[in-house]
Amino acid sequence: MSKSSITLRHSKKAFALLFTLVAGAVLIYAGNNVTTKNNSVASSLNSAHKILKVVDGDTAEVDIYGQKRTVRFIGMDTPEVVDPRKTVQCFGREASSKGHELLEGKSVQLEYDPVVGEIDKYGRTLAYVILPSGEMYNQKMIAEGYAHEYTYQSQVYKYQTQFKVAQNAAEAGQLGLWNPSTCNGDTKQAAK
């Protein structure tokens, strides 16, 4: 056997070993990420996350496992107050104020929705927020007339039916933004 054939044989073995090690590392990494992602919903429901800053009625900055993340609340939409491209919308200040009252400095639980996903196109975390009282913030804001039910691109999210029922009740009761003396449901108009 020549020296070159021995060297080639050793090179092939070394390449096969290196390939096996790299493939194994990739599989282990992928498996850990899948496990972490699948367990994130369960672990978040059992963990308290501190609200660092309320941006407006449907968005806040939250400490999630030591990282500051912007969280957009699933299934609800409040009138705009901070978007520089838009004027402050009808009932926006009231919705933002209620968000501050309910969330500012509180520790909450987050629940993710597998249909909606955990991250939106702007890089924000998407979640339902469970208040220290056990109430769901998203539904409470809709039920009390501070927010509209919001379905993104026809996605059927987990609490959609409950949120729509809450909105119908708020509208029928003329609560908050549904009251004729505030917006009568039309929050696109400028705030008074």
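Brief remarks follow.
- If you go through the range 116-132 and keep only what is closer than 22 Å to L175 by Cα and assigned to a loop (DSSP other than H, G, I, E, B), you end up with just L131.
- The set of residues from the range 123-170 being charged (D, E, K, R) and surrounded by 19 or more Cβ atoms within 10 Å (Cβ to Cβ) comprises just one member, E149.
- Residue within the range 146-154 that is in a loop (DSSP other than H, G, I, E, B), aromatic (F, W, Y) and without any contact (Cβ under 8 Å) to a residue 60 or more places away in the chain present: yes
Here's the yes/no breakdown for (1) in contact with a Ser or Thr (Cβ under 8 Å, 6 or more places away or on another chain); (2) at pLDDT below 95; (3) within 19 Å of S47 (Cα to Cα):
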residue	(1), (2), (3)
Q67	no, no, yes
P79	yes, no, no
S97	no, no, no
K106	no, no, yes
V116	no, yes, no
Y137	no, no, yes
A147	yes, no, no
F163	no, no, no
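- Criterion: touching a Pro at 6+ places or on another chain (Cβ under 7 Å) and either closer than 28 Å to C183 by Cβ or hydrophobic (A, V, I, L, M, F, W, C) (or both) - qualifying residue of A147, A95, A143, A127: A95
So that you can scan it fast, the table gives a plain yes or no per residue for (1) of a type outside the set (G, A, S); (2) closer than 19 Å to I64 by Cβ; (3) free of Cβ contacts under 8 Å to residues at least 12 places away in the same chain:
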| position | (1), (2), (3) |
| --- | --- |
| A127 | no, yes, no |
| L131 | yes, yes, no |
| N138 | yes, yes, no |
| Q162 | yes, no, no |
| E171 | yes, no, no |
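- Test: E101 is surrounded by fewer than 23 Cβ atoms within 10 Å (Cβ to Cβ) and within 11 Å of A191 (Cβ to Cβ): no
- Inclusion of V81 among residues that are in a loop (DSSP other than H, G, I, E, B), surrounded by 13 or more Cβ atoms within 10 Å (Cβ to Cβ) and of a type in the set (A, V, I, L, M) is warranted.
- Against the numbered list (1) more than 21 Å from V55 (Cβ to Cβ); (2) over 13 Å from the mean Cα position of the chain (by Cα), P114 comes up short only at (2).
- Scanning the range 57-101 for residues that are more than 15 Å from D120 (Cα to Cα) and either β-branched (V, I, T) or in contact with a helix residue (DSSP H, G or I) (Cβ under 6 Å, 6 or more places away or on another chain) (or both) gives G57, V62, I64, T78, P79, E80, V81, V82, T87, V88, F91.
- Just so you know, in the range 108-121 the residues that are in contact (Cβ under 8 Å) with a residue 40 or more places away in the chain and out of contact with any His (no Cβ under 9 Å at 6 or more places or on another chain) include one that is nearest to C90 (Cα to Cα), and it is D120.
The values are calculated or read from the model by the stated rules, or taken from the named source; none is laboratory data. The structure presented is a predicted model; accordingly, all values stated were derived computationally and were not measured. FYI the Cβ positions are ideal-geometry reconstructions off the backbone, even for glycines, and counts take in every protein chain you see.
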